[in-house]
Structures are given as structure tokens and as C-alpha cells.
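Q: Got a structure for you, questions after.
The values are calculated or read from the model by the stated rules, or taken from the named source; none is laboratory data. Predicted model, so just to flag it, every value in this text is computed and none were measured. Glycine also receives a Cβ, built like all others from the backbone with ideal geometry; neighbour counts cover every protein chain displayed.
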Amino acid sequence: MKASTSHSINVSSSTEHLREVRNFVQKYVQQFDVNKNDLDEIILAVDEAYTNIIKHAYNNDPNQTVKIELGTSTDTLWVQLSDTGFHFNADEYQPPDLLKRIKNKQRGGMGVYLINKLMDSVEYSSAGKTNTILMRKRI
């Protein structure tokens with residue numbers, strides 16, 4: 001997605017870079033006077049998407065790269081993460097059974113669910129070797 005005001009970084013696919021990613025998102029989003037709740041939700045959604053790429057697209061290979069781009073258009077902030085790992089098929093995604101997960105004290109497996117709850121829209125695409133997740137939040 002293109003916009004007149006956008007910023008991007010490329011980071012290695014390692015959870016060691018989570019703080020760098022969070023700081024990058026926070027610094028960009030704060031310039032739009034977004035309320036703290038929305039800021040926290042955007043950061044958490046990016047955190048979950050980045051972690052999913054590390055774990056599932058790249059199989060925890062820290063030698064890969066994730067591109068994170070942030071921008072605005074009208075009253076919407078958008079975040080796009082791109083990778084060249086295994087493709088996530090959103091059409092096959094089944095939301096988790098929350099009550100069952102709580103009852104069984106299961107951890108993990110909530111990233112896509114959280115991203116969809118935290119952001120106003122989420123789109124997954126794949127073109128050639130590049131996969132993207134595009135998330136939008138009205139600000």
C-alpha cells in the first residue's frame with residue numbers, strides 16, 4: 001500500500017528485535033496524537049504479526065528479513081509486514097475456541113485472532129515470493 005507519509009525498516013527475523021520493532025511503531029504512531037489504547041493495540045498487533053512471521057513463515061530462522069512499513073491515508077493508519085517465507089493461507093484459518101483453550105490452559109495460537117480483534121481490517125496476500133499482511137486502524 002502506498003501513501004504520501006510512510007516509513008519502513010527491515011529487521012532480522014528474531015524475537016531479539018521485538019523492542020526495536022515496538023519502538024519503531026510507537027515513534028511513528030505517536031506523531032498522530034493517537035490515544036494510548038489505540039497505540040497499545042497497534043503495537044500488539046504488529047508484535048503478533050512479526051512473531052508469527054518469525055515462527056511460521058521463517059521457522060525461527062534468524063537469518064531472514066521482515067520489512068515493516070507504516071503509513072497513513074486520510075483517517076487511517078496502516079501497517080504492512082512483508083516476508084519471503086512460507087505463505088499463510090487466511091482462507092484456511094479457523095478462529096480458536098476460546099472457552100476450550102481456557103479450560104485446557106493452552107498457551108499460544110492466538111496471534112491471528114488477536115490481530116483481527118485489535119485492528120479494523122487485516123488483509124493477507126502473496127505475490128511471487130513475497131507475503132504481506134496489511135493491517136489498518138482508524139485514527
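Q: Checking the structure you have, find out if any residue of segment 13-24 is in contact (Cβ under 8 Å) with a residue 60 or more places away in the chain, loosely packed, with under 14 Cβ neighbours inside 10 Å, touching a Ser or Thr at 6+ places or on another chain (Cβ under 9 Å) and assigned to a loop (DSSP other than H, G, I, E, B). Break it down stepwise before answering.
A: Of all residues in segment 13-24, those in contact (Cβ under 8 Å) with a residue 60 or more places away in the chain come to 13.
After this cut, where a residue has to be loosely packed, with under 14 Cβ neighbours inside 10 Å as well, the list is none.
No, that holds for no residue.
Q: Moving to a separate point now. Among residues belonging to segment 59-111 that are under 29 Å from residue 39 (Cβ atoms), of a type in the set (D, E, K, R) and at pLDDT below 95, point out the one that is surrounded by the fewest Cβ atoms within 10 Å (Cβ to Cβ).
A: 107
Q: Could you tell me which residue of segment 123-139 is farthest from the chain's Cα centre (by Cα), considering only residues that are in a strand (DSSP E or B) and touching a residue at least 60 places away in the same chain (Cβ under 8 Å)?
A: Of the residues in segment 123-139, the ones in a strand (DSSP E or B) are 123-127, 130-138.
Filter again for touching a residue at least 60 places away in the same chain (Cβ under 8 Å), leaving 131, 133-138.
Numbers: 131: 12, 133: 7, 134: 8, 135: 7, 136: 10, 137: 12, 138: 16 Å.
Only one residue tops the list, namely 138.
Q: If residue 46 satisfies all but one of (1) at pLDDT below 95; (2) in contact with a Lys or Arg (Cβ under 8 Å, 6 or more places away or on another chain); (3) β-branched (Val, Ile, Thr), what's the number of the condition it fails?
A: (1)
Q: Okay, moving on. Find all pairs meeting these conditions: Cβ atoms under 9 angstrom apart; at least six residues apart or on different chains; first residue within segment 68-95 and closer than 12 Å to residue 54 by Cα; second residue part of a loop (DSSP other than H, G, I, E, B) and among the charged types (D, E, K, R).
A: Note: pairs meeting the criteria are 84/129; 85/61.
Q: Any residue at all in segment 30-38 that's outside any strand (DSSP E or B), within 15 Å of the chain's Cα centre (by Cα), more than 18 Å from residue 131 (Cβ to Cβ) and at pLDDT 95 or above?
A: Checking segment 30-38: at least one residue is outside any strand (DSSP E or B), within 15 Å of the chain's Cα centre (by Cα), more than 18 Å from residue 131 (Cβ to Cβ) and at pLDDT 95 or above.
Q: Okay, moving on. So for segment 37-57 (the condition being basic (Lys, Arg) and under 17 Å from residue 9 (Cα atoms)), does at least one residue qualify? Before you say what the answer is, go through the steps one by one.
A: Initial filter on segment 37-57 (basic (Lys, Arg)): 55.
Filter once more, keeping what is under 17 Å from residue 9 (Cα atoms): none.
The answer is no; no qualifying residue exists.
Q: Which of the residues that make up segment 25-56 are aliphatic (A, V, I, L, M) and surrounded by fewer than 21 Cβ atoms within 10 Å (Cβ to Cβ)? If you could, list the steps in order and put the result at the bottom.
A: Step one: of segment 25-56, the residues aliphatic (A, V, I, L, M) are 25, 29, 34, 39, 42-46, 49, 53-54.
Answer for segment 25-56, where residues must be aliphatic (A, V, I, L, M) and surrounded by fewer than 21 Cβ atoms within 10 Å (Cβ to Cβ): 34, 39, 43, 44.
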